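Participant: Take a look at the following structure, please.
We did not get these values from a lab; they are worked out from the coordinates using the rules stated. As the structure is a prediction and not an experimental result, all values here were calculated from the model. Positions of Cβ are generated from backbone atoms using ideal geometry, with glycine treated the same way; all protein chains shown enter the neighbour counts.
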Ligand SMILES: Cc1cc2nc3c(=O)[nH]c(=O)nc-3n(C[C@H](O)[C@H](O)[C@H](O)COP(=O)(O)OP(=O)(O)OC[C@H]3O[C@@H](n4cnc5c(N)ncnc54)[C@H](O)[C@@H]3O)c2cc1C
């Protein structure tokens, strides 16, 4: 993706400091857990966190430079997932010093994996309508209810839990945010199989589950404000990923080490998950006057169409041009937002707008990829061995990626707030249009009309 290569060129001081640190610290023979301990405690795993909260206080743009530099060096990158992406920024924003020092080190070093226990069967878009209850008994909260769509719940050590703590208050005012231990008898995690063939998300039943008050993040009943921090980071993370041809056939992930105690990667050799080192000068790609590499966000589709002899098809050329335009717009959006934020400003609604654009890009890339594949697009494999065999066919691994991405393309337009909800937010909060009729935000939760 072009962002990565551009990023590495644009902050020499940061790159030099990190490179020197990597030369001293990277050792492929460390275990994943040992390496992440070094990376996390040095502030390089979650560099966007404040410097006194196990980060380095870097902007999102600079944190992309950090990730790109680690990859280019050939070291294993920071643990992916919700512990660093969502839980850590939420906790560091709202928790006490004691909670930060107790919870954040395990999150940034990949020792624990988090999941997000927000959505429920009756509360998705209307998240504030959630009905999982938490009742305080001394220093302990007892939790009963059901969550659904819980991504990675089966691999999580901790959950970001939203529970109703005051049903007499209007729905936004009676919710509390907890960091709950997933390894307890009161929590039953049941994986749900998707059309992708994976079971990425789960339903989670909480029956007399327990969470100590010391794991309550923020004030009692003030969880909506805390949840909004989580959701902000979820949406802006998606916007940041929109800086390229996301969903295109070039975007195949490699073998990734997974955080947390459940998967079992922490004891494996770090070098076995590291990408090959790359040198900045090795590129033979065309360059802009700035000296940066130019890689189209549609590059993966261009290569695939060329390989399958479809590059002269007028419709496909049109689709490739559109993929390039949308991907480039997404990159400019990210850059524009970065520039405004670096001056202390903000662009209202940009995170929502970026997510909407990302949804369009993913849908377009799905359709374009399938158009390039033609009949080959009807063959998809649900297991690794068959996938390897399919990768021997014309189109290779890129074609395998296209069918996988086509099946997964429905996800992003739904999670983190559906397209319709993003449009509602942009219209009400950014454009100042009137709210939806029938606003129930002031009605006590237990007096709200219920379905059925
Ligand atoms: C891949 C994936 C991973 C997810 N991971 C997690 C997770 O880890 N943790 C978690 O808590 N949740 C997760 N979710 C849940 C996700 O946040 C919800 O699916 C989403 O908020 C939508 O809620 P819902 O599915 O209940 O749909 P509903 O809210 O029932 O919406 C159904 C339809 O009605 C539309 N709609 C609803 N209200 C309005 C309105 N006011 N105006 C206009 N249209 C409206 C919606 O846009 C949608 O098209 C995940 C979802 C997906 C797809």
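Participant: Let a ≥ b ≥ c be the square roots of the eigenvalues of the Cα gyration tensor of the stretch 7-133; is it rounded (a/c under 1.5), or, if not, prolate (a/b larger than b/c) or oblate?
Facilitator: Details: a/c = 2.12, a/b = 1.92, b/c = 1.10.
Prolate.
Participant: Let me ask another. According to the square roots a ≥ b ≥ c of the eigenvalues of the Cα gyration tensor, what is the shape class of the stretch 2-78, taking rounded for a/c under 1.5, prolate for a/b larger than b/c otherwise, and oblate for the remainder? Don't jump to the answer; show the numbers that get you there.
Facilitator: Numbers: a/c = 1.86, a/b = 1.21, b/c = 1.54.
Oblate is the answer for the stretch 2-78, as a/c is 1.5 or above yet b/c matches or exceeds a/b.
Participant: Can you give the calculated 222 nm mean residue ellipticity of the chain, where each DSSP H run of n ≥ 4 adds -39,500 (n - 2.57) and the sum is split over every residue, rounded to the nearest 500 deg cm²/dmol? Let's see the in-between values first.
Facilitator: Values: 13 runs with 172 residues, N = 452.
The helix-only estimate for the chain comes to -12000 deg cm²/dmol at 222 nm.
Participant: Cβ neighbours within 10 Å, averaged per peptide: list 308-318, 331-341 in order, most packed at the top. Can you show the working numbers first?
Facilitator: Numbers: 308-318: 13.4, 331-341: 16.0.
Highest to lowest by the protection proxy: 331-341, 308-318.
Participant: Can you pull the one-decimal nm distance between simple spin-label points at residue 269 and residue 199, each 7 Å off the Cα toward Cβ?
Facilitator: Taking the simple label geometry, residue 269 and residue 199 are separated by 3.2 nm.
Participant: A further question follows. Please work out the Kirkwood hydrodynamic radius for the stretch 362-452, using every pair of different C-alpha atoms, and report it in angstroms with one decimal place. If you can, show how the numbers build up before the last one.
Facilitator: Details: mean 1/r = 0.0593 Å⁻¹.
Here the Kirkwood hydrodynamic radius works out to 16.9 Å.
Participant: Mean shadow of the stretch 114-221, computed from the convex hull of its alpha carbons, in nm²? Please report the intermediate quantities before stating the final value.
Facilitator: Details: hull surface 26.3 nm².
Quarter of the Cα hull surface area: 6.6 nm².
Participant: Before anything else, pin down the relative contact order of the chain: Cα pairs under 8 Å, at least 6 apart, normalised by residue count, whole percent. Could the numbers behind the result be given before it?
Facilitator: Details: 835 pairs, mean separation 76.6, N = 452.
Answer for the chain is 17 percent.
Participant: What is the order of 178, 205, fewest Cβ neighbours within 10 Å to most?
Facilitator: Values: 178 26, 205 16.
By the 10 Å Cβ count, ascending: 205, 178.
Participant: Kindly provide log₁₀ I(q)/I(0) values, in the same order as q = 0.07, 0.10, 0.12 Å⁻¹, from the Debye equation applied to equal alpha-carbon scatterers of the chain.
Facilitator: Ignoring solvent entirely, the Cα scatterers give -0.38, -0.79, -1.15.
Participant: Please arrange 53, 115 by how many other C-beta atoms lie within 10 Å of their C-beta, fewest to most.
Facilitator: Numbers: 53 21, 115 30.
Lowest to highest Cβ neighbour count: 53, 115.
Participant: When you count, for each residue, the other Cβ atoms within 10 Å and take the mean per peptide, how do 268-277, 223-232, 412-421 rank with the highest first? Before the final figure, lay out the partial values.
Facilitator: On the way: 268-277: 15.7, 223-232: 20.1, 412-421: 17.2.
Result, highest mean first: 223-232, 412-421, 268-277.
Participant: When ranked by the protection proxy of mean other Cβ atoms within 10 Å per residue, highest first, what sequence do the peptides 157-164, 30-37, 213-220 form?
Facilitator: So the order, starting with the most tightly packed, is 157-164, 30-37, 213-220.
Participant: Grab the beta carbon distance between residue 441 and residue 382, set R0 = 51 Å, and tell me the FRET efficiency rounded to 0.05.
Facilitator: Values: r = 44 Å, r/R0 = 0.86.
Once the sixth-power term is evaluated, E becomes 0.70.
Participant: With contacts defined as alpha carbon pairs under 8 Å and 6 or more residues apart, what's the relative contact order of the stretch 295-430 in percent? Walk me through the intermediate numbers first.
Facilitator: Values: 112 pairs, mean separation 41.3, N = 136.
Relative contact order here is 30 percent.
Participant: With a 10 Å Cβ neighbour count serving as the proxy for reagent exposure, in which order, fewest first, do 381, 354 appear?
Facilitator: Numbers: 381 16, 354 25.
Listing 381, 354 from fewest to most nearby Cβ atoms yields 381, 354.
Participant: Taking only Cα atoms, what is the 0 to 90° angle, nearest 10, from helix 396-408's long axis to the longest principal axis of the chain?
Facilitator: Helix 396-408 sits roughly 30 degrees off the main axis of the chain.
Participant: Helix 97-108 versus the longest principal axis of the chain: what is the Cα-based angle in degrees, 0 to 90, to the nearest 10?
Facilitator: For helix 97-108, the angle is close to 30 degrees.
Participant: Just the number: Rg to Rh for the stretch 150-202, Cα atoms, Kirkwood Rh, two decimals. Mind showing how you got there, number by number?
Facilitator: Details: Rg = 14.1 Å, Rh = 12.8 Å.
Rounded to two decimals, Rg over Rh is 1.10.
Participant: Compute the distribution of all C-alpha to C-alpha distances in the stretch 295-430, in bins of 5 Å from 0, and list the percent of pairs in each, rounded to whole numbers.
Facilitator: With a bin width of 5 Å, the distribution comes to 2, 10, 17, 17, 17, 13, 10, 7, 4, 2, 0.
Participant: Over the stretch 114-221, what relative contact order in percent results from Cα pairs under 8 Å that are six or more residues apart? Kindly include the intermediate steps, with their values, before the conclusion.
Facilitator: On the way: 264 pairs, mean separation 33.0, N = 108.
Contact order relative to length: 31 percent.
Participant: Any idea what angle helix 314-342 forms with the longest principal axis of the chain, computed on alpha-carbon atoms, 0 to 90 degrees, nearest 10?
Facilitator: So the helix axis and the longest Cα principal axis differ by about 50 degrees.
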